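A.B. asks: Below you'll find the structure I mean.
Derivation of every value follows stated rules applied to the coordinates shown; laboratory data play no part. As the structure is a computational prediction, the values presented were derived from the model and not from experiment. All Cβ positions, even for glycine, are placed from backbone atoms using ideal geometry, and neighbour counts span all protein chains on display.
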Amino acid sequence: MDRENLLKIALEARKFAYAPYSHFTVGAALLAKNGTVYSGCNIENAAYGPSNCAERTAFFKAISEGNKDFCAIAVVGGLEGKEAMQYCPPCGVCRQVMAEFCSPEDFLIILGAKNQVIKEYKLKELLPVSFSLNEN
């Protein structure tokens with residue numbers, strides 16, 4: 001699947017976001033190595049701590065369905081009711097979840113925003129030193 005189609009799925013997922021507090025809606029589309037795409041949106045909570053980012057929603061959906069092999073994720077975000085006008089990179093917690101299941105050298109993070117060039121990063125660029133039980 002090409003990055004433009006993955007971004008379209010992320011934009012569609014953003015429509016389902018529940019963001020009554022920040023009014024900042026985010027959509028994500030996670031591409032598994034087998035070609036399956038798992039979408040996710042941010043889901044807020046009045047207590048803030050129980051809120052969940054779009055990226056983790058997509059990852060947890062995929063993992064709960066038995067898939068743990070991923071190659072890319074597209075992320076879009078912006079103010080509720082408006083087009084995705086700015087880049088929306090994953091937060092630190094999402095990056096750490098990605099590091100748990102993805103190769104830092106190979107996993108691609110695609111960021112899109114209206115009328116802007118698509119930005120792409122390898123996970124190792126956005127999380128150069130992650131916590132892992134496998135590292136010394």
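A.B. asks: Starting from the Cα gyration tensor of the stretch 3-126, take the square roots of the eigenvalues, sort them a ≥ b ≥ c, and report rounded, prolate or oblate (rounded when a/c is under 1.5, otherwise prolate if a/b is larger than b/c, else oblate).
C.D. replies: oblate
A.B. asks: Rank by packing, highest mean first: peptides 78-84, 21-27, 88-94, 53-59, with packing defined as the count of other Cβ atoms within 10 Å averaged across residues.
C.D. replies: Descending mean neighbour count gives 53-59, 21-27, 88-94, 78-84.
A.B. asks: Moving on. Give me the net charge of residue 58's neighbourhood, meaning all other residues with Cβ under 15 Å from the Cβ of residue 58; Lys, Arg count +1, Asp, Glu -1.
C.D. replies: Its environment carries a net charge of +3.
A.B. asks: Then there's this: From the phi of every residue in the stretch 74-89, what ³J(HN,Hα) in whole Hz does the Karplus formula 6.51 cos²θ - 1.76 cosθ + 1.60 yield, where θ is phi - 60° and glycine or proline is x?
C.D. replies: With the stated coefficients, the stretch 74-89 comes to 10, 9, 9, x, x, 5, 3, x, 10, 5, 5, 9, 9, 6, 10, x Hz.
A.B. asks: What is the antiparallel percent of DSSP beta bridges lying wholly in the stretch 3-126, to the nearest 5?
C.D. replies: 80 percent
A.B. asks: Could you please state, rounded to a whole Å, how far the C-alpha centre of the stretch 1-44 is from the C-alpha centre of the stretch 45-123?
C.D. replies: 8 Å
A.B. asks: Same structure, new question: Report the gain in length on full extension from residue 93 to residue 46: 0.36 nm times residue separation, minus Cα-Cα distance, nm rounded to one decimal.
C.D. replies: 15.0 nm
A.B. asks: Convert each backbone phi in the stretch 67-73 into a coupling constant with the Karplus relation 6.51 cos²θ - 1.76 cosθ + 1.60 (shift: θ = phi - 60°), then list the ³J(HN,Hα) values in order as whole Hz, x for Gly and Pro.
C.D. replies: So the J values, rounded to whole Hz, are 9, 10, 10, 10, 10, 7, 9.
A.B. asks: First measure r as the distance between the Cβ atoms of residue 79 and residue 1, then evaluate 1/(1 + (r/R0)^6) with R0 = 30 Å and state the FRET efficiency to the nearest 0.05.
C.D. replies: Step by step, r from the Cβ atoms, then E = 0.60.
A.B. asks: Give, in nm to one decimal, the length gained when the segment between residue 130 and residue 64 is fully stretched (0.36 nm per residue of separation minus the Cα-Cα distance).
C.D. replies: 21.4 nm
A.B. asks: When the Karplus curve 6.51 cos²θ - 1.76 cosθ + 1.60 is applied with θ = phi - 60°, which whole-Hz ³J(HN,Hα) does each residue of the stretch 125-130 get, with x for Gly and Pro?
C.D. replies: 6, 8, 9, x, 10, 9
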